[in-house]
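Below: the structure, in structure tokens.
The values are calculated or read from the model by the stated rules, or taken from the named source; none is laboratory data. It should be emphasised that the depicted structure is a prediction, and the values quoted were computed from it without experimental measurement. Please note: Cβ atoms are built from the backbone with ideal geometry, for glycine as well, and neighbour counts cover all protein chains shown.
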Amino acid sequence: MKNIIIIVSAMNLGGAQRVVSILCDHWSKNGYSITLISTFTGENTDHYKVNKNVILKSLSNNSFLPTNKIFNLLNKLFQLRKIIKRQNPDIVVSFLTRVNIATALSTIGLNTSIIICERTWTPFATLSKNLYWMYRFLFRNIKKIIVQTNESKTWLNFYFPGIETYVIPNPVSYPLPLQKGKILLPHELLSNERKLILACGRLHKFKQFDMLINAFSKIQDKFLDWDLIILGEGEERVNLERLLKKLNISGRVLLPGSAGNMSDWYERADLFVLSSYVEGFPNVLLEAMSYGLPCISFDCDTGPRDMIQHKNNGILVNPNDKEKGLIKALENIILNEHCRNNIANNAKLIRDRYSIETIMKRWNKILDI
């Protein structure tokens, strides 16, 4: 029986965390021993459930010096190394850049197969390029790097030659299971007669929800039966609420928070918009398409174009066109119901291409399990 350790910062809302929950569930149900280690020690909410057979461990700050960052970082590295040595895993799978660095540091000299997963574009975007020589040295014991797109693989092959790199996109669960978090019922926020434009994700500047709100404000009078709802939480909430008040459209645009019942929202929505200017591999877009939603997305460097064939199963907007491009796409698809229906029907086909069964076969092959 394979013994696998998976390391992630925390099981809060996020694409990497969703994939971790799928890996834990799939491998534990197939008889593998799975240990999930969370490295984050701050206040946090677990959004994703894992199988009851998964062993859960978390790192902690030192009780004597809980606020000393450097001391606690070193303390966590020693804790992580201790757990890995005690568990003696066949494979360690690590997610997200800083956790990947910590995993590489804590396993120096250990005879363990280490696989790290980079989720952002560009890979290691939070690290200084001037220190890549040091990371190449640090990663000498890394067996494989897993990324989500061919663009990321090409980039890593150039900057980190010698490490095997593989592309595994995110899987999609259809229908989506309920997740931890509050249940927001669509009919309690929106009457059945209203048409719904849905967007969701962390309320962060990268998501450009302010641009989406501005775009909607320019067409709201033309489409009086359409509303916009943005699901999610984040540091941009105050700014977005201030924008709604300034534009006087609080009644047509709602920010109700994060929802644990996303399936209800995908089923209720008439249109989905991804307004980000940077993405790794957007799960929300994949999920929305699997529910047969016509989707509009900026054609950012990685992610959307892997899923969307322009005007066939979705609409890609040139990022350089910004708000004007978004407005044009919204107007075109809202006015053309026949186009919306065709795109929606084609979008559903993504369920098989990115099914858990299909994607897990790739994971199992690369991990040789």
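Overview of results
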{"read-out": "Pair list, Cβ under 7 Å, 6 or more apart: the stretch 147-175 residue in contact (Cβ under 8 Å) with a residue 24 or more places away in the chain and over 29 Å from H26 (Cα atoms), other residue in a loop (DSSP other than H, G, I, E, B) and not basic (K, R)", "value": "W155/T122; W155/P123"}
{"read-out": "Criterion violated by K2 - all others in (1) surrounded by 13 or more Cβ atoms within 10 Å (Cβ to Cβ); (2) over 21 Å from I369 (Cβ atoms); (3) of a type in the set (K, R) satisfied", "value": "(2)"}
{"read-out": "P123 assigned to a loop (DSSP other than H, G, I, E, B) and at pLDDT 95 or above", "value": "no"}
{"read-out": "Candidate set: the stretch 319-369, residues that are within 30 Å of N30 (Cα to Cα) and free of Cβ contacts under 8 Å to residues at least 40 places away in the same chain; chosen: the one farthest from the chain's Cα centre (by Cα)", "value": "D368"}
{"read-out": "Residues of the stretch 306-320 satisfying the condition of being in a helix (DSSP H, G or I) and either under 24 Å from H338 (Cβ atoms) or not assigned by TED's automatic domain parsing to the domain that holds R340 (or both)", "value": "M307"}
{"read-out": "Inter-residue pairs, beta-carbon under 8 Å, first of a type in the set (S, T, N, Q) and surrounded by fewer than 17 Cβ atoms within 10 Å (Cβ to Cβ) and in the stretch 112-138, second assigned to a loop (DSSP other than H, G, I, E, B) and at pLDDT below 90, 6+ apart", "value": "T126/T120"}
{"read-out": "Single match in K207, K195 (criterion: crowded, with 17+ Cβ neighbours inside 10 Å and assigned by TED's automatic domain parsing to the domain that holds P282)", "value": "K207"}
{"read-out": "Count - residues of the stretch 126-162 that are part of a loop (DSSP other than H, G, I, E, B) and out of contact with any Gly (no Cβ under 8 Å at 6 or more places or on another chain)", "value": "6"}
{"read-out": "Selected residue (criterion: nearest to the chain's Cα centre (by Cα)) from residues of the stretch 169-200 that are assigned to a loop (DSSP other than H, G, I, E, B) and of a type in the set (G, A, S)", "value": "S173"}
{"read-out": "Matching residues in the stretch 49-66 - criterion: being exposed (fewer than 11 other Cβ atoms within 10 Å of the Cβ) and at pLDDT below 70", "value": "S63, F64"}
{"read-out": "Where a residue in the stretch 67-78 is under 11 Å from A102 (Cα atoms) and its partner, wherever it lies, is assigned to a helix (DSSP H, G or I), with Cβ under 6 Å and at least six apart", "value": "L77/L105; L77/S106"}
